[in-house]
Amino acid sequence: MELHLKLMHRLLCCFNEDPNKDYMDILDDMEIINLLIDMKLIEVYSEFYLNLNKSTSKLFINVTSKGQIFISEFNNQS
């Protein structure tokens, strides 16, 4: 359990540091992302750009206020 909490904290810190980063490549490890979504610690949204020649998509992850509290409490625990 402790290992999972550390992983969740580390991911939340990464997402919090760069909310404008495209996280489309992390879809390989959706289990932990789904857990964070279910716990309402993050919000996920995507943007699609359509052009006549090509289309692109980006995935963004924002840490919620509940996620911010998790980060703060985890830092205070250490």
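Within the stretch 51-75, the set of residues being in a helix (DSSP H, G or I), farther than 20 Å from Leu3 by Cβ and in contact (Cβ under 8 Å) with a residue 24 or more places away in the chain comprises Lys66, Gln68. A residue that is closer than 20 Å to Asn75 by Cα and surrounded by 14 or more Cβ atoms within 10 Å (Cβ to Cβ) cannot be found anywhere in the stretch 51-58.
A single member of Ile32, Ile37 is surrounded by 13 or more Cβ atoms within 10 Å (Cβ to Cβ), at pLDDT 90 or above and not acidic (Asp, Glu), and it is Ile37. Selection of the stretch 1-40 for residues being in contact with a helix residue (DSSP H, G or I) (Cβ under 9 Å, 6 or more places away or on another chain) and assigned to a loop (DSSP other than H, G, I, E, B) yields Lys21, Tyr23, Met39, Lys40. Identify, please: which residue in the stretch 40-50 is within 13 Å of the chain's Cα centre (by Cα) and more than 18 Å from His4 (Cβ to Cβ) and is, among those, surrounded by the fewest Cβ atoms within 10 Å (Cβ to Cβ)? Ranking the qualifying residues of the stretch 40-50, first place goes to Tyr45.
Evaluating Thr64 against the criteria (1) in contact with a strand residue (DSSP E or B) (Cβ under 8 Å, 6 or more places away or on another chain); (2) exposed (fewer than 10 other Cβ atoms within 10 Å of the Cβ) leaves one unmet condition, (2).
The values are calculated or read from the model by the stated rules, or taken from the named source; none is laboratory data. These numbers come from a predicted model, not from an experiment. As a convention, Cβ positions derive from the backbone with ideal geometry for all residues, glycine included, and neighbour counts pool all protein chains shown.
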